[in-house]
Amino acid sequence: MTTEVKRLIRVRVEKGATFKRDGYGKKRQLSDSWRKPRGQHNKQREQKKAKGALPKPGFGSPIAVRGMHPSGFFEVLVATATELEGLDPKTQAVRISGTVGDRKRVGLQAAAIAAGLKVLNAKTLKSATEKEKAIPAAKGSATSKKETEKPAKIKATDAPAKKGTKKVTVAAPESKKAPVKETKKAVKAPVKASEKPAKPNAEKSPEPAEAKQNAVTKPKATKKTGSEVKKNE
């Protein structure tokens, strides 16, 4: 696309206008398609301000780019491969009809690209052979998913079986509990040995105190002699 064509397309965009019929937006049954206003007091016909422009020669696009696609090519609607013959890749581009199915569209699109034509509505489609290859691959992925799901189910069934069944997994907690008991016994043994000497000390501690009191009190309780008894009488 030359610079002159680009400039003319830019001019066409700048001076373009959208002509809408009078009453569009006021009534739901009226479309935006253009209708010439014919009323005697119609504001759009009288060209009042903000009532919408009327089509006039000044709004036309340049002749060189009239009907041209913004990409710089003239569109050609194509439905079969025979219609691609005689087209110029420099000035014309192809638009595949919407009535063409995917099966025929693959070959038609490939033929247009091979001829050097630009496809305005190109799509990425898989051929029949690629689809056939994709089917076994999808089946293989489905089977692999099932295989991966089976061990998960087995694990789910193993979880409740640990409580009552005699499986290898049950032996693990028993082996763990055995050393715990040994450690408890080892801890209790020195505690008992330390407690035994502590008791006699606690019991013996009051005995010497009582013995001392008895020793002190015994000399006080001396027997009175006969002379002393007589004196007291």
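The values are calculated or read from the model by the stated rules, or taken from the named source; none is laboratory data. What you are looking at is a predicted structure, and each value in this text was computed from that prediction instead of being measured. All Cβ positions, even for glycine, are placed from backbone atoms using ideal geometry, and neighbour counts span all protein chains on display.
May I ask you to list the residues in region 48-69 that are over 15 Å from ALA17 (Cα atoms) and either hydroxyl-bearing (Ser, Thr, Tyr) or surrounded by 11 or more Cβ atoms within 10 Å (Cβ to Cβ) (or both)? Within region 48-69, ALA64, VAL65, MET68, HIS69 meet the criteria. Within region 75-88, the residues that satisfy the criterion of being in a helix (DSSP H, G or I) and free of Cβ contacts under 8 Å to residues at least 24 places away in the same chain are THR82, GLU83. Among the criteria (1) at pLDDT 90 or above; (2) not assigned by TED's automatic domain parsing to the domain that holds GLU4, the one ARG28 does not fulfil is (2).
Is region 51-74 home to any residue that is among the charged types (D, E, K, R), within 50 Å of the chain's Cα centre (by Cα), outside any loop (DSSP other than H, G, I, E, B) and closer than 30 Å to THR2 by Cα? No - not one qualifying residue is present in region 51-74. Go through (1) part of a strand (DSSP E or B); (2) in the same structural domain as GLU4 (by TED's automatic domain parsing) and name the single condition ALA93 misses. The single condition ALA93 does not satisfy is (2). Being surrounded by 13 or more Cβ atoms within 10 Å (Cβ to Cβ) and touching a helix residue (DSSP H, G or I) at 6+ places or on another chain (Cβ under 6 Å) is not true of VAL76. Please go through region 8-44 and give me each residue that is within 46 Å of the chain's Cα centre (by Cα), without any contact (Cβ under 8 Å) to a residue 60 or more places away in the chain and in a helix (DSSP H, G or I), ordered by number. Within region 8-44, ARG10, ARG12, VAL13, GLU14 qualify.
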